[in-house]
Amino acid sequence: MAGARRLRSYRGPDGLWPHLLLLSSAMQRRADQGWIEVISGPMFSGKSEELIRRVTRYHLARIPTQTFKPALDTRYAVGEVVSHSRLSTAAEPVRDSRELLESVADRTVVVGIDEGQFFDMGLVEVAELLAGAGKKVIIAGLDLDYLGRPFEPIPSLMLRAEYVTKNLAVCHRCGGPGLFTQRVVDSDELVVLGATDTYEARCRRCYRPGEAVQPPLGIAQT
Ligand code: ADP
Ligand code: MG
Ligand code: ZN
């Protein structure tokens, strides 16, 4: 009320200052607000692409960012996150959620994490700690494994996140909405040599979790 009265009695440029200061401190508080964003979906659904896009925008705005990936994921490049469409951003490999937490600099505002499903469950607590400290945490990862089971810690992170994006890929078989990741090694017509052809995106109708020989989910491709 006092603010509204003051605004009504505003007579000249000098009188505007208190309001501008109030406004800017409120905006500042909002800018300091931390949160968790999760980008989930099957392989080929554009999770890494979207993570790179979001982190790059902050980077362009000169907001300090750091991106991490699990150390075991050495596809394409060790020090980068690279999408299937060959977009990339610098990324620090870390062994687990603890090392990730220890690697986040005080001044960092945006923390990007790719392949979140390859981290331990501690990632949930680490993400919450970082968000509580005012950082914007953006995590990309598979929500389902190749057998269609929840792929932790992504489902738990989705429940604790302010913003959840669930991407769909294009079903490799019929072009429909690709919700699942199908392992296709040893499948006659689909065998293509090389680690990058071990998985396909599949829609509800084309997904056959029991079809191929399915050893534990590797990191051949995401
Ligand atoms: P993810 O991280 O979810 O595995 P990426 O961001 O690395 O996905 O790659 C997404 C890109 O992959 C798309 O923009 C497209 O160029 C390419 N792509 C290849 N196959 C498919 C598919 N079946 N559905 C959607 N995108 C595909
Ligand atoms: Mg990816
Ligand atoms: Zn299909």
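The values are calculated or read from the model by the stated rules, or taken from the named source; none is laboratory data. A quick note: this is a predicted structure, and the numbers were derived from the prediction, not measured. We place every Cβ from the backbone using ideal geometry, glycine too, and count neighbours over all the protein chains shown.
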Single match in VAL111, VAL81 (criterion: closer than 29 Å to ALA201 by Cβ and away from ligand 2 (no atom under 16 Å from the Cβ)): VAL111
Qualifying residue in the stretch 45-66 (condition: within 22 Å of VAL126 (Cα to Cα), assigned to a strand (DSSP E or B) and either within 13 Å of ligand 2 (Cβ to nearest atom) or modelled with pLDDT of 95 or more (or both)): yes
Qualifying residue in the stretch 9-26 (condition: at pLDDT 70 or above and touching an Asp or Glu at 6+ places or on another chain (Cβ under 7 Å)): no
Residues (at pLDDT 85 or above and surrounded by fewer than 12 Cβ atoms within 10 Å (Cβ to Cβ)) located in the stretch 193-207: ARG204, ARG205
Breaking point among (1) within 16 Å of LYS69 (Cβ to Cβ); (2) within 13 Å of ligand 1 (Cβ to nearest atom), for SER85: (1)
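Looking only at residues that are of a type in the set (Asp, Glu) and touching a strand residue (DSSP E or B) at 6+ places or on another chain (Cβ under 8 Å) in the stretch 126-158, which one is surrounded by the most Cβ atoms within 10 Å (Cβ to Cβ)?
The first filter runs over the stretch 126-158 and keeps only residues of a type in the set (Asp, Glu), leaving 128, 143, 145, 152.
Filter again for touching a strand residue (DSSP E or B) at 6+ places or on another chain (Cβ under 8 Å), leaving 128, 143, 145.
On the way: GLU128: 16, ASP143: 25, ASP145: 19.
Out of the qualifying residues, it is ASP143.
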Checking GLU211 against (1) at pLDDT below 95; (2) within 16 Å of ligand 2 (Cβ to nearest atom), the condition it does not meet: (2)
Residue among LEU87, LEU101 that alone is at pLDDT below 95, in contact with a helix residue (DSSP H, G or I) (Cβ under 9 Å, 6 or more places away or on another chain) and not polar (S, T, N, Q): LEU87
Members of the stretch 51-96 found to be under 18 Å from LEU130 (Cα atoms) and among the hydrophobic types (A, V, I, L, M, F, W, C), listed by number: LEU51, VAL55, ILE63, PHE68, ALA91, VAL94
